[in-house]
DNA sequence: AAGCGGATGTCGGTTGGCCGACAGCGTTAG
DNA sequence: CTAACGCTGTCGGCCAACCGACATCCGCTT
């Protein structure tokens, strides 16, 4: 579980680590995961915002729909990542959707009500939750800055670096990122177009800064990638 | 104070309203405001993030600097608005700056340490703080969506609508927004250029959808503005 | 094994809006 | 009062990157 622990660390608030003991103690037998199939929705806009979730297995797409019905992807989450946290920051009905991207996606749900109850006994928990939401805020600010002030190439490179530090395995100078993300996915996550992603990734490949195929991205040298 | 109350309501978490009694009780004589002069910094990047602030009077610019030294404005705050809240979400050193825009800008500072101490006695406070940060998150998500998926005209119009609902005084169909924001300011807040703001505002004026001069913006009919 | 849907690769045409430049215009400081 | 600086207004050049179109290519499904 070393890897999962690292993921939790990255979340910077080891929320579920704290809560799973709580759950077993306080919530008795309700300590279960939920299973989802590919394309199944965890929640959709206007659903009651009653839980937050941690991804145990599989992938979850977070996004919402524009007026014209077009889908906007704001995040694609994997093992160890938390979503739905706006529910505990006062959101009553979902504004976004969460959708499983793979069969057998396993989620650990956590009821807001129970969480609030726990907060009364556990002062430390309040800080952790505050940090969780605060961390989201900081990340979003970074994303905003990238999107507004950096060109497509820079955004994609920053995305690669993030992914590398987050999921990458280092071997010498090279960093290997196993990923099922399509160019379309990367485009959505970096605010660029599908074609631009393809072009820029191939540019980087030609310069031998990266290599990639359909299941991984390999960064030759993180220091040289810019 | 009706107006100020309305502002607090908009903040959705009546934080300082709750805390001022606390302060007078818990903090005794420390219930003071701080005064700043035009262009004086409240904090700058790398300062210790030890307080959050509410604007009592005047205006405060929040922003940060890009690598090339260019200034990025992320918000311009007036009476009743709160800033520096990342400090209570785990930020240790400021990443942004806060700068008074007018002489005699008055701020009400609130120490994070004291706040944390208060949180232990006041379970309601934890929720409020969570809501405060959560609200920021929601707003930022909206801003992100506007910046990425909407064109400059739409962004500026949305900005006008926001300002109207926030600071506007309705008189019949018309909404009057008193403001000292320059086109440059509006450009920074909407992620556009100064020239684009000037052009679009004048377009809207020509279409008689708005009127404006150097100290106010008048929206003819909120329903028709789009 | 065949076929089909989705992913990748490549090409131009098109354009929103940034930016520099410059000319009034208002405010403000002294 | 006056100078100076910053704000507003307008034009045109320019370009990043979006988008449609189309040709593979891959891999899953039946």
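None of the figures in this text is laboratory data; all of them are computed from the coordinates on show. Since this is a predicted model, take the numbers as computed values, not measurements. Reconstructed Cβ throughout: ideal geometry from the backbone, glycine too, with neighbour counts over all protein chains shown.
Whole angstrom only: what separates the Cα centroid of region A:72-120 from the Cα centroid of region B:48-123?
29 Å
What's the angle, to the nearest 10 degrees (0 to 90), between helix B:15-26's Cα axis and the longest principal axis of chain B?
The helix B:15-26 is inclined about 20 degrees to chain B.
Using 5 Å bins from zero, what percent of all Cα-Cα pairs in chain A falls into each bin?
In whole percents, the pair-distance histogram is 1, 6, 12, 17, 19, 17, 12, 8, 5, 2, 1, 0.
From the square roots a ≥ b ≥ c of the eigenvalues of the alpha-carbon gyration tensor of region B:94-226, which class results: rounded (a/c under 1.5), prolate (a/b over b/c), or oblate? All intermediate terms of the calculation are to be shown ahead of the outcome.
On the way: a/c = 2.04, a/b = 1.99, b/c = 1.02.
Cα axes put region B:94-226 in the prolate bin.
Under a plain spin-label model, where a point goes 7 Å from the Cα along Cα-to-Cβ, how far apart in nm are residue B:38 and residue A:166?
4.4 nm
Would you mind getting me the FRET efficiency between residue A:205 and residue B:142? Use the beta-carbon distance for r and R0 = 35 Å, nearest 0.05.
Values: r = 36 Å, r/R0 = 1.04.
For residue A:205 and residue B:142, the calculated efficiency is 0.45.
Using R₀ = 35 Å, calculate the FRET efficiency as 1/(1 + (r/R₀)^6) where r is the Cβ-Cβ separation of residue A:173 and residue B:180; round to 0.05.
0.05
Ranked by Cβ crowding within 10 angstrom, fewest neighbours first, how are A:219, B:200 ordered? If you can, show how the numbers build up before the last one.
Working: A:219 25, B:200 22.
Placing the least packed residue first, the sequence is B:200, A:219.
Which distances, shortest first and in nm, link residue B:71 to the matching position in the other copies, using label points set 7 Å out along Cα to C-beta?
Listed shortest first, these distances are 4.3 nm.
In whole Å, what are the Cα extents of the protein assembly as shown along the three principal axes, biggest one first?
Principal axes ranked by extent give 58, 53, 41 Å for the Cα atoms.
Can you tell me the orientation of helix B:152-167 relative to chain B, as the angle in degrees between its alpha-carbon axis and the longest Cα principal axis, to the nearest 10?
50 degrees
Given labels modelled 7 Å from the Cα in the Cβ direction, how far is it in nm from residue A:117 to residue B:95?
Label-label distance for residue A:117 and residue B:95, simple model: 3.6 nm.
Once you sort the root eigenvalues of the Cα gyration tensor of region B:90-143 as a ≥ b ≥ c, which label holds: rounded (a/c under 1.5), prolate (a/b larger than b/c) or oblate (the other case)?
Oblate, because a/c is 1.5 or more while a/b does not exceed b/c.
Take the Cα of residue B:224, step 7 Å along the line toward its Cβ, and report every residue of region B:150-179 whose backbone nitrogen sits under 16 Å from that point.
Under 16 Å, as judged by backbone N against the label point of residue B:224, lie B:171-176 of region B:150-179.
Who wins for biggest fluctuation among A:158, A:57, A:124 in a Gaussian network model of chain A, springs between alpha carbons below 10 Å?
A:124
Please label the shape of region A:150-219 as rounded, prolate or oblate, based on the square roots a ≥ b ≥ c of the eigenvalues of the alpha-carbon gyration tensor (a/c under 1.5 means rounded; beyond that, a/b larger than b/c means prolate, else oblate).
prolate
Give me the angle, in degrees from 0 to 90, between the Cα long axis of helix B:194-206 and the longest principal axis of the Cα atoms of chain B, rounded to the nearest 10.
60 degrees
Give me the inter-chain shielding for B:136-145: mean count of other chain Cβ atoms within 10 Å, whole number please.
That works out to 6 on average.
For chain A, what is the relative contact order in percent, using Cα pairs closer than 8 Å and at least 6 residues apart in sequence?
For chain A, the relative contact order is 19 percent.
Find every distance from the label point of residue A:203 to the corresponding label point in the other copies (7 Å from Cα along Cα→Cβ) and write them in nm, one decimal, shortest first.
2.9
Starting from a label point 7 Å past Cα on the Cβ side, list the distances from residue B:216 to the same position in the other copies, nm, shortest first.
6.7
Sort out for me the Cα centre separation of region B:142-175 from region A:159-194, rounded to whole Å.
Here the two parts' Cα centres lie 35 Å apart.
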